[in-house]
Amino acid sequence: MKRPVAFLLIGFVMLFQIFSYAQESNKERLLILREAQEDQKSTVAIEAYLLDNILEVTIIARMPGTKPKIYNAIVVGPRLGRLSSESKEVLLATAEEDKPFPTKRKDMAFISFSKGEETKKARGTLTRELVTFRIPPERVVKGKRYELWVQIESLQVGGGYKTFKFDLGNIGELILQ
């Protein structure tokens, strides 16, 4: 009788530790950017969160008629150079996203200067990945511009690469706080 009670008690303690850790990490997680870009019919959307000096980015890519491959994702900036991701995880593709991403309009790769932002429904086959970057605070310069570059490729024969560049805003100030 003592062993089942001991295992049950250990299970509750472990579950409580996991739950309390998840709550602590969610408090400090800060939304940096939620945006989508399109080039012709290809679309890439990102949702980036900052937790201390860890940048977690969910990348959602769509291409019409083929499944896109997220070829590369890097953070680019002064004194940081081109920082590669520390980990990469393929996420299960869902049928539809819960909220639309804001997009900056591009018509056939020409920038439109009329209405600045709008929401669109992206079409095509979906790929989702979660990438994490460990950004060293000693190499971050306050007040400088940092970008996330996402490169996708078509898995069709003769398919090429497309690079999408996202401005990470004031990430330097947030890391150095």
Read phi for every residue in segment 133-149 and hand back ³J(HN,Hα) as whole Hz from Karplus 6.51 cos²θ - 1.76 cosθ + 1.60, θ = phi - 60°, with x for Gly and Pro.
-> 10, 9, 9, x, x, 5, 9, 9, 10, 5, x, 9, 8, 10, 10, 10, 9
Calculate the length of the line joining the C-alpha centroid of segment 128-153 to that of segment 23-92, in whole Å.
-> 9 Å
Which three lengths, in whole Å and largest first, does segment 123-177 cover when its Cα atoms are put on their principal axes?
-> 46, 21, 19
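Any read-out appearing in this document is the output of simple, stated calculations on the displayed coordinates, not a laboratory observation. This is a predicted model, so every value here is computed, not measured.
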